[in-house]
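The values are calculated or read from the model by the stated rules, or taken from the named source; none is laboratory data. What you see is a predicted model, and the numbers here were worked out from it, not measured in a lab. Cβ placement follows ideal geometry from the backbone for every residue including glycine, while neighbour counts extend to all protein chains displayed.
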Amino acid sequence: MRLQRTLLGSLTYVFTALVAVGFEVMGVIETSTLIPYIIVILGVNATVLWLLLSGRNLRLRDPSMTAPQVLTGLACNAYIMFHLQDPQARMAFLLLSTMALMFALFIFQLRQVLMLALLMVGMYLTILGTLLVTHPERVHLPIEVVVVFAYTGVMGMISLLGHEMTRLRQKLQERNAQLEITMRELEQLVLHDTLTQLPNRRAIMQELTHKMETALHDSSGESFYVFLLDIDHFKTVNDTYGHNCGDEVLRTLGQEVARSLRHGDFVGRYGGEEFLLAFAPGSSEAARQAAERIRARVAGLQVSNGKPALRVTASLGGSRYIPGEAIEDTLERADQALYTAKRQGRNRSVLCKQSAAPAVRYPDRRRSKVPH
């Protein structure tokens, strides 16, 4: 953005230089006056572009270098206006000087813009005063009084309009910032479970998709493990202590499991009293140990929602993801392992041994005779 703005400023310099060259051709300004002007504007633009492209401008207080460029442009225009032979020709450069004020609106505050406008008016008054002493024939005083009056009014209006534009731009930036915050909050709602604040099922599937792509391109052949964690006898908790207590169990367990994860692991609420864990690639023994550690942490958990003696256990079933297979097959094997953990007495973790074979479809454990 700074580079584009600088190139636009350079285009303004080129346009002003062309006007000066035109006056030189018409004999309104001498060649000896024009050459230093061209050298200065070329040097200034080259220096600014070099600072931008090299990144050295970032060391400055104002990386856009707006003030130096504006002041340099005004000084160059003042130099040309003083040396113009025809008083009418000064009006062209007086008009071109207002473009410097327009660039200042991008970064200056109202007070700074007004000061710059006064500086421009003062600059022109200084030129007229000097000409009255050195070359009075180049000044038509009554006309110049009207010109200065009009120029002052134009500068003031541009400053006020520019301030209004800046205020509207700032307001738009604030609304955009608020919109960004709202979008992040909406994303939080869309991808996180409101009760446990863990990733929800949609976020879980996104994470699994990412892990599947990583495993597919992993030359080491390692893959991640998926475990389903189900709270044992959760319906009894709700029936005995109420749903508020059940919610507290879900919150407390979710927070505890999240704190127990290793680097590269993932947990989300899969639905109801069920959580999904994705363990980082490694050996099957490492996956078993990670699942068993979490099972033990859950078993030692005490829910403090007015029931200090309330403890819960959880069963876990897991499976290794086979690169290239559908994630539904991995989840089906994990579901089978969880079914096995329930049948074996709960409060245990089971890793599916059928990691390299097609999944055998078991009846849905939610409709089985084995209670959770």
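Structure above, values below:
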item	result
Failed item in (1) in contact with a helix residue (DSSP H, G or I) (Cβ under 8 Å, 6 or more places away or on another chain); (2) on the phi > 0 side of the Ramachandran plot, with GLY268 passing the rest	(2)
Some residue of the range 231-252 being assigned by TED's automatic domain parsing to the domain that holds SER284, within 18 Å of ASP329 (Cα to Cα) and of a type in the set (Ser, Thr, Tyr)	no
Any hit, the range 3-10, residues being under 19 Å from ARG90 (Cα atoms), in a helix (DSSP H, G or I) and not aromatic (Phe, Trp, Tyr)	no
Breaking point among (1) touching a helix residue (DSSP H, G or I) at 6+ places or on another chain (Cβ under 9 Å); (2) farther than 17 Å from ILE327 by Cα, for THR236	(1)
Qualifying residue in the range 42-62 (condition: closer than 30 Å to VAL145 by Cβ and in contact with a helix residue (DSSP H, G or I) (Cβ under 7 Å, 6 or more places away or on another chain))	no
Residue within the range 296-306 that is closer than 22 Å to GLU207 by Cβ and touching a residue at least 12 places away in the same chain (Cβ under 8 Å) present	yes
Residues that are free of Cβ contacts under 8 Å to residues at least 40 places away in the same chain and hydrophobic (A, V, I, L, M, F, W, C), drawn from the range 10-30	LEU11, VAL14, ALA17, LEU18, VAL21, VAL25, MET26
Top-ranked residue of the range 29-64 - restricted to ones that are surrounded by fewer than 17 Cβ atoms within 10 Å (Cβ to Cβ) and not in a helix (DSSP H, G or I), ranked as farthest from the chain's Cα centre (by Cα)	GLU30
Tabulated pairs, the range 198-220, first over 17 Å from TYR270 (Cα atoms), second assigned to a helix (DSSP H, G or I) and aliphatic (A, V, I, L, M), C-beta under 7 angstrom, 6+ apart or interchain	MET212/ILE327
Sole exception among (1) loosely packed, with under 12 Cβ neighbours inside 10 Å; (2) touching a strand residue (DSSP E or B) at 6+ places or on another chain (Cβ under 6 Å) for GLY268, by number	(1)
Residues (buried (at least 20 other Cβ atoms within 10 Å of the Cβ) and in a helix (DSSP H, G or I)) located in the range 197-207	ILE204
Residue identified as over 39 Å from the mean Cα position of the chain (by Cα) and either surrounded by 21 or more Cβ atoms within 10 Å (Cβ to Cβ) or modelled with pLDDT of 95 or more (or both) among TYR339, TYR321	TYR339
Close pairs (6 angstrom Cβ cut-off, 6 or more residues apart or separate chains): in a helix (DSSP H, G or I) in the range 248-275, among the basic types (Lys, Arg) anywhere	GLU256/ARG297; SER260/ARG297
Lone qualifier among LEU160, LEU179, LEU189 - being out of contact with any Lys or Arg (no Cβ under 7 Å at 6 or more places or on another chain), in the same structural domain as MET65 (by TED's automatic domain parsing), surrounded by fewer than 17 Cβ atoms within 10 Å (Cβ to Cβ) and within 30 Å of PHE266 (Cα to Cα)	LEU179
